[in-house]
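In what follows, a structure is listed as structure tokens, so that the remarks can point back to it.
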Amino acid sequence: MIEKRFGNNNELSWIIIHSEREMIDKQLVEDYGLDKELVSYALDKNERAHFEYNVKLDRLLLIFNLLDITKEDNYYETTPMAFIVQQNQFITIFNARNAYLLEKLENYLANNTVLTCQQFLFASLTIASKEYFPVLDQLDRDKDMLNAKLRKRTTKQLLLELSDLETGLVYLLTAGNQNVFVLEQLRNHPHIQKLGSIELEELDDALIEARQLAAMTQLDSQILQQLSGAYNNILNNNLNDNLTILTILSILLAVLAVITGFFGMNVPLPWQNEPQAWIWIVIIALVLWLIIAQVLKLVMRRQG
């Protein structure tokens, strides 16, 4: 656990707790006036973005989706971080996947005047949303490069990379939408509306960034879905073309098989005693083969 002071005369405290290293024991809960249910929400790695406000204790718990900058399965995921604001304390419960934000928050405190814990909270949410944008820009460039490669040659490996991009954007889109939803709820909360203009301005900035993030991920996700659908249709068309070619070849080869099959039977046939009869048989077979090929070609044109 780390405690830092900020605000006028250092009357505000920032408590930093590592969820995987610190022992969230009874003593720690009692020291900061927390409860087990609140701590369970803060420690849940799969908790969705939401907030809870306790009017009696004047305590705000907010779970916010942060970007996980480590790519474990070839795509980005998100991880929740817990923020607790009560009286003059700002508590942050983080894990190894979102620890990078702490340095950003320290830089913000060093370069800006922070008067209240609520102001620091809303500024933290703005910083957290801005961390998504460089990754989205990189994903957009990757999408363009991948699309250019797929136009030249559609391979299984490239399609798998396209699938990874699409999967990662689903995580980002879901997290972005949840962040917007929780910030809109927070903005409309009666207690939050009573805050000062500085805090509300910071909250509005956080909401603007979250909405922009959601809009960008929505657009990129739709583009990837269209690309995936387009290449899926292309593969289906290629498969149909291949099956059509194989069907035509099987029909043409069947003509030769039928003609030659007659002469393999133990029945009287014309030219069976002629030494040069095979030449005429081959010529007749080729003529029939060309006629049937032209007929099939004409039928395929009309269907196309």
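The values are calculated or read from the model by the stated rules, or taken from the named source; none is laboratory data. A quick note: this is a predicted structure, and the numbers were derived from the prediction, not measured. So basically every Cβ, Gly included, is an ideal-geometry build from the backbone, and we count neighbours across all protein chains shown. Side chains included, ligands, DNA and RNA excluded: accessible areas come from the protein's heavy atoms. Shrake-Rupley method; radii C 1.70, N 1.55, O 1.52, S 1.80 Å.
Looking only at region 184-203, decide whether some residue is in contact with an Asp or Glu (Cβ under 9 Å, 6 or more places away or on another chain) and closer than 19 Å to PRO134 by Cα. Among the residues of region 184-203, not one is in contact with an Asp or Glu (Cβ under 9 Å, 6 or more places away or on another chain) and closer than 19 Å to PRO134 by Cα, which makes the answer no.
Contact map, region 156-184: first residue within 12 Å of GLN225 (Cα to Cα), second residue buried (at least 20 other Cβ atoms within 10 Å of the Cβ) and modelled with pLDDT of 90 or more, Cβ cut-off under 8 Å, separation 6 or more or different chains; pairs are LEU169/THR217.
From the list VAL135, VAL170, the one residue that fits, being aliphatic (A, V, I, L, M), assigned to a helix (DSSP H, G or I) and in contact with a strand residue (DSSP E or B) (Cβ under 7 Å, 6 or more places away or on another chain), is VAL135. Within region 67-106, the set of residues being assigned to a loop (DSSP other than H, G, I, E, B) and either open to solvent by less than 30 Å² (accessible area, probe 1.4 Å) or among the charged types (D, E, K, R) (or both) comprises LYS71, GLU72, ASP73, ASN95, ARG97, ASN98.
Just the residues that are without any contact (Cβ under 8 Å) to a residue 24 or more places away in the chain and within 18 Å of LEU200 (Cα to Cα), please, taken from region 109-128. Result: ASN112, THR113.
Listed here are the residues, each with its yes/no results for (1) over 18 Å from LEU136 (Cβ atoms); (2) in the same structural domain as TRP280 (by the TED database).
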position: LYS149; (1), (2): yes, no
position: LYS152; (1), (2): yes, no
position: LYS156; (1), (2): yes, no
position: ASN179; (1), (2): no, no
position: ILE192; (1), (2): yes, no
position: ILE198; (1), (2): yes, no
position: ASP204; (1), (2): yes, no
position: ALA215; (1), (2): no, no
position: LEU253; (1), (2): yes, yes
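When region 57-66 is filtered for residues that are of a type outside the set (Phe, Trp, Tyr) and assigned to a strand (DSSP E or B), the ones remaining, listed by number, are ARG59, LEU60, LEU61, LEU62, ILE63, ASN65, LEU66. Note on region 107-132: residues that are assigned to a helix (DSSP H, G or I) and exposed (fewer than 14 other Cβ atoms within 10 Å of the Cβ) total 3. Is there a residue in region 233-242 that is of a type in the set (A, V, I, L, M, F, W, C), modelled with pLDDT under 80 and loosely packed, with under 11 Cβ neighbours inside 10 Å? Within region 233-242 (the criterion being of a type in the set (A, V, I, L, M, F, W, C), modelled with pLDDT under 80 and loosely packed, with under 11 Cβ neighbours inside 10 Å), the answer is yes, since at least one residue qualifies.
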